[in-house]
Amino acid sequence: MRKFILHTYSKTKSFDLNSIASLAAEPTGLGNSFNVAYKDSEQGKHLVNVTPNFEPITLKIYFNADGTNGYANYKGLMLFLAECGTGVFLFEYQDGVTDKYCDVVLKSATKTEITEESIFCETFTFERQSHWYERIEDSFTLRNTTADTTRFPLGFPFGFYGKLFKKKHFISNPFYKAAPITITIEGQIRENIRIFIATLDDKIVAEIKFTTNNPEGRTIIIDPNTKKINVVENGIISNGYGLTDKTQQSFLYLPQGEYYISSDMDEYDAGQIKFAIKRYLYD
């Protein structure tokens, strides 16, 4: 059975559309659609561009299957949507095989009379802003690790101690659209921070630089999904855009293909850099 759930973008609050109080049915716009552009020539038409053109997602939502008049249930959904405001929020779609999400904004919500059959049903339309993607993202960390907590492909001699430094990580993106990479920098990093994506033969394709190191107790979060760079220190959140090198990119995206992601950290840094890559789905 299909299930639909709405979430705030931070996923701190949710609204379930699968209960008898608010039951979604007759969905449309869950598939994929593209604009295809051609150019005419003497030899005929030639394909020049294909771009996503998402159809709006439309749901009919029944508010009084629980035996009430339904107005309180309708009000509950509208209060949730009012909290989301005019910004992007998450539309979760479970089809029994995959659990996926897309970014949406509310386009319209009807408000009609209860029918003579005592049915309270309204139509909600959401403008889709993205491909479907997995919420459980690929995650990994560049950091020092103690040898006794690290898995090795071959056994080390008995009594081996010390630290291992993970400087780069192999990543791949099979999807045609570049995948946004959320980066979290934590702990002491002694030198100015540089993070980059390189091909397997070490050609750099994208990088970001900071004009600062990172002291213990400060966290920097670089989120291309929200287009924000936040600095968290002593419980206070501030804008970190001023810390970036303006000659480089502000955010990292993983192109289609196979790459390494790395940084200028070394074995003397006690901090770590965490990465989370959004995985788009052709679903």
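The values are calculated or read from the model by the stated rules, or taken from the named source; none is laboratory data. Since the model is a prediction, treat every value here as computed from it, not as a measurement. With ideal geometry, Cβ positions are generated from the backbone for all residues, glycine too; neighbour counts draw on all protein chains shown. Areas reflect the complete protein model, heavy atoms only, side chains present, ligands, DNA and RNA absent. Shrake-Rupley method; radii C 1.70, N 1.55, O 1.52, S 1.80 Å.
Computed from the Cβ-Cβ distance with R0 of 45 Å, the FRET efficiency linking N225 to S118 stands at 0.60. Our helix-only sum for the chain, with -39,500 (n - 2.57) per DSSP H run of n ≥ 4 divided by its residues, gives a mean residue ellipticity at 222 nm of -1500 deg cm²/dmol. Extending 7 Å from Cα along the Cβ direction at E267 and again at H169 yields two label points whose distance is 2.1 nm. Highest mobility in the GNM of the chain, judged by mean-square fluctuation with C-alpha springs under 10 Å and restricted to S118, S41, S172, is found for S41.
Compared with the dominant Cα axis of the chain, that is its longest principal axis, helix 71-84 is turned about 30°. Summarising the label geometry, the points placed 7 Å from Cα in the beta-carbon direction at D283 and T110 lie 2.9 nm from one another. With kT/(6 pi eta Rh) evaluated at 4 °C and eta = 1.567 mPa s, and Rh the Kirkwood radius from Cα pairs, segment 37-111 diffuses with a coefficient of 79 µm²/s according to Stokes-Einstein. For the chain, the C-alpha radius of gyration sits at 1.27 times the compact-globule guess of 2.2 N^0.38 Å, with N the residue count.
With r as the distance between the Cβ atoms of N192 and N234 and R0 = 30 Å, compute the FRET efficiency 1/(1 + (r/R0)^6) and round to 0.05. It comes to 0.85. Sorting I119, I193 by accessible area puts them as I119, I193; the probe is 1.4 Å, largest comes first, and only protein heavy atoms count.
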